[in-house]
1. Which of (1) under 24 Å from the mean Cα position of the chain (by Cα); (2) outside any loop (DSSP other than H, G, I, E, B) is the odd one out, the single condition ASP236 does not satisfy?
2. Kindly establish whether ILE124 is in the same structural domain as ASN39 (by TED's automatic domain parsing), among the aliphatic types (A, V, I, L, M) and at negative phi.
3. Being under 23 Å from ASP208 (Cβ atoms), surrounded by 11 or more Cβ atoms within 10 Å (Cβ to Cβ) and modelled with pLDDT of 85 or more: is that true of LYS293 here?
4. Got a sec? Which of LEU303, LEU269, LEU322 is hydrophobic (A, V, I, L, M, F, W, C) and under 22 Å from the mean Cα position of the chain (by Cα)?
5. Say we look at region 108-124 and pick out the residues that are β-branched (Val, Ile, Thr) and assigned to a helix (DSSP H, G or I); which of these is nearest to MET141 (Cα to Cα)?
6. Going by what's in this entry, would THR69 be described as more than 14 Å from the chain's Cα centre (by Cα), within 28 Å of PHE257 (Cβ to Cβ) and of a type in the set (S, T, N, Q)?
7. What residue, of ILE85, ILE61, ILE40, is in contact with a Gly (Cβ under 9 Å, 6 or more places away or on another chain), of a type in the set (Val, Ile, Thr) and not assigned by TED's automatic domain parsing to the domain that holds LYS160?
8. So, LEU103, is that one modelled with pLDDT of 90 or more, surrounded by 17 or more Cβ atoms within 10 Å (Cβ to Cβ), in the same structural domain as LEU36 (by TED's automatic domain parsing) and within 30 Å of PHE213 (Cβ to Cβ) or not?
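The values are calculated or read from the model by the stated rules, or taken from the named source; none is laboratory data. Fair warning: this is a prediction, and the values are worked out from it, not measured in the lab. Here the Cβ positions follow ideal geometry from the backbone for every residue, glycine too, while neighbour counts run over all protein chains shown.
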Amino acid sequence: MEIIKIEKDLFRDIDELIKNARADFSKVVNDRITTLYWNIGKRINQDILMDSNAEYGKNIIEDLSKNLTMQYGSGWSSQQLWQCIHFAKTFTEEKLYAVRRELTWTNIRMLMYIEDSLKRDFYIEMCKLGHWSSRTLKERMNSMLYERTAISKKPDETIKQELALLEKEDKLTQDLVFRDPYILKNLGLKDTYSEKDLESAILRELEDFIVEFGSDFAFMARQKRITIDNEDYYIDLLFYHRRLKCLVAIDLKLGKFEAGFKGQMELYLRWLEKYEKVEGENSPIGLILCSEKNEEHVELLQLEDSNIRVAEYYTKLPDMKLLEQKLKESIAKAKAKFD
């Protein structure tokens, strides 16, 4: 529809006021609905179901559903009431206050059925941080984002601390940012390809790449040339991470991780620290992407204690059951080191 010609500033300012009012209204409505569902669940659970047997509880819920439907119309099925009960059981009152304005009921319904409380809190905080839609949340959960993120391999107490920092201080750590493996499934690569092909495909599909890596990454350069002792070196990809406030150098490798890759990345990071880092930024981080990680090499080189990350990548969607099993084994092995 064509906008009638009027004072541009007037239309722009009023348009912004309307949009902001609608956004605020949506948050208020979401707050009220979410709080209502939680209170309903709490009331039913505490006063009716706490000491009753399963069959009696089921009959009570069905009768309550019928009465509410007659009084208020659709939307009060027994399934909805059971969801309210589960919501109140899963989310403490403190957690309710933390999410009621920021997460939709659709998102909460997905989150409240995650049994692992740390995993659930991870998705809650990432949802809030990225303003994820229910579709995005479902995609992230289906891709096992939590299990692929470095934080999942840390002790439970560390996970709690880092999630608390994110919730209370909006502080994002490296372990919450970097993943292993990365799934780069929309690059359109053939069965055989070179490192240059991989790099070109990533830049061609940069939006999908950023979606997989995280929205806080900003592209800086391709084949960033650095000169040391009159010899040229090239960083495959250079990004900046807004919340970590640092440069991220990415090196792409087709084969297995090799010990020599560490020295190469260390050289890149030292150069970036000396010549590219600006006031207020943190030290650069290196990410080496390989088709195979070589876990023992990484462990012996003690890369976990450095600013260098090593991760595998897949250019095709893997068998998710096999990936799930691999990730579970990797997490269990990593956590065993802290026992």
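1. With respect to (1) under 24 Å from the mean Cα position of the chain (by Cα); (2) outside any loop (DSSP other than H, G, I, E, B), ASP236 is out only on (1).
2. Values: in the same structural domain as ASN39 (by TED's automatic domain parsing): no; among the aliphatic types (A, V, I, L, M): yes; at negative phi: yes.
In short, no.
3. Numbers: under 23 Å from ASP208 (Cβ atoms): yes; surrounded by 11 or more Cβ atoms within 10 Å (Cβ to Cβ): yes; modelled with pLDDT of 85 or more: yes.
The answer is yes for LYS293.
4. Values: LEU303 fails: under 22 Å from the mean Cα position of the chain (by Cα); LEU269 fails: under 22 Å from the mean Cα position of the chain (by Cα).
Going through LEU303, LEU269, LEU322 in turn, just one is hydrophobic (A, V, I, L, M, F, W, C) and under 22 Å from the mean Cα position of the chain (by Cα): LEU322.
5. Restricting attention to region 108-124, the residues satisfying the condition of being β-branched (Val, Ile, Thr) are 108, 114, 124.
Then keep just the ones that are assigned to a helix (DSSP H, G or I); that gives 108, 124.
Working: ILE108: 13, ILE124: 11 Å.
My answer is ILE124.
6. Numbers: more than 14 Å from the chain's Cα centre (by Cα): yes; within 28 Å of PHE257 (Cβ to Cβ): no; of a type in the set (S, T, N, Q): yes.
Here the answer is no, as THR69 does not meet what is asked.
7. On the way: ILE61 fails: in contact with a Gly (Cβ under 9 Å, 6 or more places away or on another chain); ILE40 fails: in contact with a Gly (Cβ under 9 Å, 6 or more places away or on another chain).
Of ILE85, ILE61, ILE40, the one residue that is in contact with a Gly (Cβ under 9 Å, 6 or more places away or on another chain), of a type in the set (Val, Ile, Thr) and not assigned by TED's automatic domain parsing to the domain that holds LYS160 is ILE85.
8. Details: modelled with pLDDT of 90 or more: yes; surrounded by 17 or more Cβ atoms within 10 Å (Cβ to Cβ): yes; in the same structural domain as LEU36 (by TED's automatic domain parsing): yes; within 30 Å of PHE213 (Cβ to Cβ): yes.
In short, yes.
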